[in-house]
Amino acid sequence: MNPQIPQANLEALATERGVSKAELEAVSLALDGLSSQVIAQKLGISAIAVRKRLGEVYHKFEISGNGPGKLAELRRILTSDYATVASPRQDWGEAPEVWVFYGRREELATLKQWLGKDQCRLVALLGMPGIGKTTLAAKFAKQIQSQFDYLIWRSLSSAPSLKDLLAELIPFLSNQQAVAISEDVNEGISELINCLSQRRCLLILDDVEAILRSGDRFGRYQQGYEGYGTLLRRVGEAEHKSCLLLNSQEKLREITLLESPKRPIRALPLAGLKPEAAQCILQEKGLTGEEQWQYLMNYSQGNPLALKIVAANIKDLFDGNVTEFVKHQTWIFGDFSEILNQPFQRLSKLEQEILRCLVTQANGVSLPELKQKLPQESRTSDIMEALASLIHRYWIESVSRKNQNSSETLYTIETLVKKYVEKYQL
Ligand SMILES: Nc1ncnc2c1ncn2[C@@H]1O[C@H](COP(=O)(O)OP(=O)(O)OP(=O)(O)O)[C@@H](O)[C@H]1O
Ligand SMILES: [Mg+2]
């Protein structure tokens, strides 16, 4: 007699292993004891397709060999692995449901290592708007949810005070045993760390840039939100068995100071999607003219949101024909320009000036060149700080240019943000 595997457990484990909905459907029926023929009939597909789906599932569970032993092995893994795992308490807040997810294998592996083997306590996913921080965090959290007793996801987009946030987190993470009553946020943070030490919790804070200050250097908190800095520092440094994962368009100062491969505090800056993954977005939108897709990849630098927006416009304007769009050698920002306006407004005046200066330089500029080109005279140290700040806000990059005997650092701006500044901020 085959033991029944609860559907919820099956789904959770399947998600963790990246099993698709179609594969899950086939494997559920196989676990119910149905033959490939019967499953094929039920699902209206061929028996070969059923076996292919099952084969994929075995592969994802790293089960090799031949014959019926594989199904038995899968059943053994599902029952034994899951029997011991109590159902975690979860509150996904405004976390998005991730229906479609391309690429990011390396990032998922890195996060798995950091939160698993390395037992990291503070991890930041960083990068420009639309690059995919929220999506990656949601996908990853679904994959590892069973390793945590508690999981809570909160967005800081409405800039909640730290006190209000703690008043939500502490009762939840203590199973209503504790409430954040103290007016003193330091005591509240101690109470939170107490929760994080007693149980293994995954705490995800999204849209952290919403509590950061405008017109100043990177990673400074708005007035009244400084306590968040203490929260990050203490959660990163205190001893406990949980993890705070945060998403931000800017690097936080605490992360800059504390991150290190030797410490359980890490930052993962996200670049755009690789071409194979970016192409999937264009395919999904039903675009044609594949020989010109590279233009879209180069322009967007793999930013999935920018790609989705331009793809939707190409669909509307040219019936999806990329070749026709590329003839015009331009770009459609659509809503993406408004999405970039906010982080642009957060920059200091000097940072904005530097960006305006960089867009006119095709191959990047060195610090001395920049000093000359800036409209107002600025101290070298101020320019240095502004450049560092722009790097930590993911607007520019530094590259090393080698001459015969020496090397020089140049500062460059990526195509998409360059065109944005040219079009909307000059
Ligand atoms: N790996 C991916 N595969 C497919 N689509 C993706 C992927 N990553 C992101 N997207 C899509 O790109 C868009 C932007 O992603 P997301 O909201 O995660 O970006 P973000 O970095 O959190 O942006 P913001 O800084 O504005 O919060 C979403 O529509 C999302 O569905
Ligand atoms: Mg986001």
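When the stretch 143-158 is filtered for residues that are within 16 Å of ligand 2 (Cβ to nearest atom) and either buried (at least 17 other Cβ atoms within 10 Å of the Cβ) or modelled with pLDDT under 95 (or both), the ones remaining, listed by number, are TRP153, ARG154, SER155, LEU156.
LEU370 - would you say it is in contact with a Phe, Trp or Tyr (Cβ under 8 Å, 6 or more places away or on another chain) and open to solvent by less than 20 Å² (accessible area, probe 1.4 Å)? Don't jump to the end; show me each part of the working.
Working: in contact with a Phe, Trp or Tyr (Cβ under 8 Å, 6 or more places away or on another chain): yes; open to solvent by less than 20 Å² (accessible area, probe 1.4 Å): yes.
Considered against the rule, which asks whether it is in contact with a Phe, Trp or Tyr (Cβ under 8 Å, 6 or more places away or on another chain) and open to solvent by less than 20 Å² (accessible area, probe 1.4 Å), LEU370 comes out as yes.
Filtered by the rule that a residue be assigned to a loop (DSSP other than H, G, I, E, B) and crowded, with 16+ Cβ neighbours inside 10 Å, the stretch 239-270 gives HIS240, SER242, GLN249, GLU250, LYS251, LEU252, GLU259, PRO264, LEU270.
So, restricting to strands (runs of 3 or more DSSP E) that lie completely within the stretch 48-156, which ones have at least 1 residues that are outside the structural domain of ALA14 (by TED's automatic domain parsing) and within 16 Å of ligand 1 (Cβ to nearest atom)?
Working: elements: 89-91, 122-126, 150-155.
Result: 122-126, 150-155.
Screening ILE189, ILE193 for residues that are open to solvent by less than 40 Å² (accessible area, probe 1.4 Å), more than 16 Å from ligand 1 (Cβ to nearest atom), touching a Gly at 6+ places or on another chain (Cβ under 8 Å) and assigned to a helix (DSSP H, G or I) leaves exactly one candidate, ILE189.
Annotation: TYR394 fulfils all but one of (1) assigned to a helix (DSSP H, G or I); (2) within 27 Å of the chain's Cα centre (by Cα); (3) touching a residue at least 60 places away in the same chain (Cβ under 8 Å); the unmet one is (1). Within the stretch 203-210, does at least one residue satisfy the condition of being at pLDDT below 95 and open to solvent by 30 Å² or more (accessible area, probe 1.4 Å)? No, because not a single residue in the stretch 203-210 is at pLDDT below 95 and open to solvent by 30 Å² or more (accessible area, probe 1.4 Å).
The values are calculated or read from the model by the stated rules, or taken from the named source; none is laboratory data. What you see is a predicted model; the values in this text were computed from it and never measured. Counting neighbours? That spans all protein chains shown, and the Cβs are built from the backbone with ideal geometry, glycine included. SASA here: full protein model, heavy atoms, side chains in, ligands and nucleic acids out. Shrake-Rupley method; radii C 1.70, N 1.55, O 1.52, S 1.80 Å.
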